[in-house]
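Written out below as structure tokens is the structure these notes cover.
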Amino acid sequence: NVYTSYPDVDAVSGTVTNYTRPGMLQMAFTSLFCRGPFQDERQSVYWNADQLSNSDPIPVRKFGAGGMSIRASSMGSVRFDPRLRGVPRGEDIDFCVRLGPHCRLVIAPRSRYVHKQSPANRNDQNALEREIESKYYLFLRNWNHGIRNRICFAWLLSGFCMVAVMS
């Protein structure tokens, strides 16, 4: 329905309905340190899924891999990175970034799904390490240009350092 009603949309994703709003410390970290390309506008859509359930499609810059649909004509030769193994973090964002800045991505709040994570390879003990690896991968592959992106990445790394020291 989104493609029919909005012919200029290149890709659409549904709304994850079971994401809970993180605690105050995580929210503070995210709003303080996740800047520029590292900011994830999807999360506020997911956290407010019930209130947005009848909203029109919401423009975003990235999708989660589990619920994305992309017009074949908009995808071109873009494919997932075959070098990533296991449970790679960031492969979905990398894919969306490589679609290009002119590709119009939207989340359709009326299309809803539950994201169920497999317990395999999801050890919380290494959560910070996995998060840093994914941001580093995305930075090197997509955002390692321009002073603004480099400052945003350095700022994010300083936040991760602070979390590591505090833990």
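The values are calculated or read from the model by the stated rules, or taken from the named source; none is laboratory data. Nothing here was measured: the structure is a model prediction, and the numbers come from that model. When we count neighbours, we look across all protein chains shown, and the Cβ atoms used for this are built from the backbone with ideal geometry, even at glycine. Just the protein is used for accessible areas: all its heavy atoms, side chains included, with ligands, DNA and RNA removed. Shrake-Rupley method; radii C 1.70, N 1.55, O 1.52, S 1.80 Å.
Just one of the numbered conditions (1) open to solvent by 50 Å² or more (accessible area, probe 1.4 Å); (2) over 28 Å from Ala127 (Cβ atoms); (3) among the hydrophobic types (A, V, I, L, M, F, W, C) is not true of Cys103; which one?
(1)
Taking segment 12-58 on its own, how many of its residues are of a type in the set (A, V, I, L, M, F, W, C) and in contact with a strand residue (DSSP E or B) (Cβ under 8 Å, 6 or more places away or on another chain)?
Here the count works out to 6.
Only one of (1) open to solvent by 30 Å² or more (accessible area, probe 1.4 Å); (2) under 24 Å from Gly159 (Cα atoms); (3) not aliphatic (A, V, I, L, M) fails for Ser77. Which number is that?
Unmet condition: (2).
What's the number of the condition Arg83 fails, among (1) surrounded by 13 or more Cβ atoms within 10 Å (Cβ to Cβ); (2) of a type in the set (Lys, Arg); (3) over 30 Å from Asp8 (Cβ atoms)?
Result: Arg83 passes all but (1).
For segment 8-40, which positions are part of a loop (DSSP other than H, G, I, E, B) and under 15 Å from the mean Cα position of the chain (by Cα)?
Passing the criteria: Tyr19, Cys34, Arg35, Gln39, Asp40.
Out of segment 41-59, which residues are modelled with pLDDT under 95 and not in a loop (DSSP other than H, G, I, E, B)?
Across segment 41-59, the qualifying residues are Arg42, Gln43, Ser44, Val45, Tyr46, Trp47.
So in segment 74-105, with the set limited to residues that are in a helix (DSSP H, G or I) and of a type in the set (Val, Ile, Thr), which one is farthest from the chain's Cα centre (by Cα)?
Ranking the qualifying residues of segment 74-105, first place goes to Val97.
Here are some residues: Arg61, Arg83, Arg112, Arg150. Which one is of a type in the set (Lys, Arg), in contact with a strand residue (DSSP E or B) (Cβ under 8 Å, 6 or more places away or on another chain) and more than 15 Å from Gln39 (Cβ to Cβ)? Can you show your working first?
Numbers: Arg61 fails: more than 15 Å from Gln39 (Cβ to Cβ); Arg83 fails: in contact with a strand residue (DSSP E or B) (Cβ under 8 Å, 6 or more places away or on another chain); Arg150 fails: in contact with a strand residue (DSSP E or B) (Cβ under 8 Å, 6 or more places away or on another chain).
Result of the check over Arg61, Arg83, Arg112, Arg150: Arg112.
Checking Gly23 against (1) within 29 Å of Cys161 (Cβ to Cβ); (2) in contact with a helix residue (DSSP H, G or I) (Cβ under 8 Å, 6 or more places away or on another chain), which test does it fail?
If we test Gly23 against (1) within 29 Å of Cys161 (Cβ to Cβ); (2) in contact with a helix residue (DSSP H, G or I) (Cβ under 8 Å, 6 or more places away or on another chain), just (2) comes out false.
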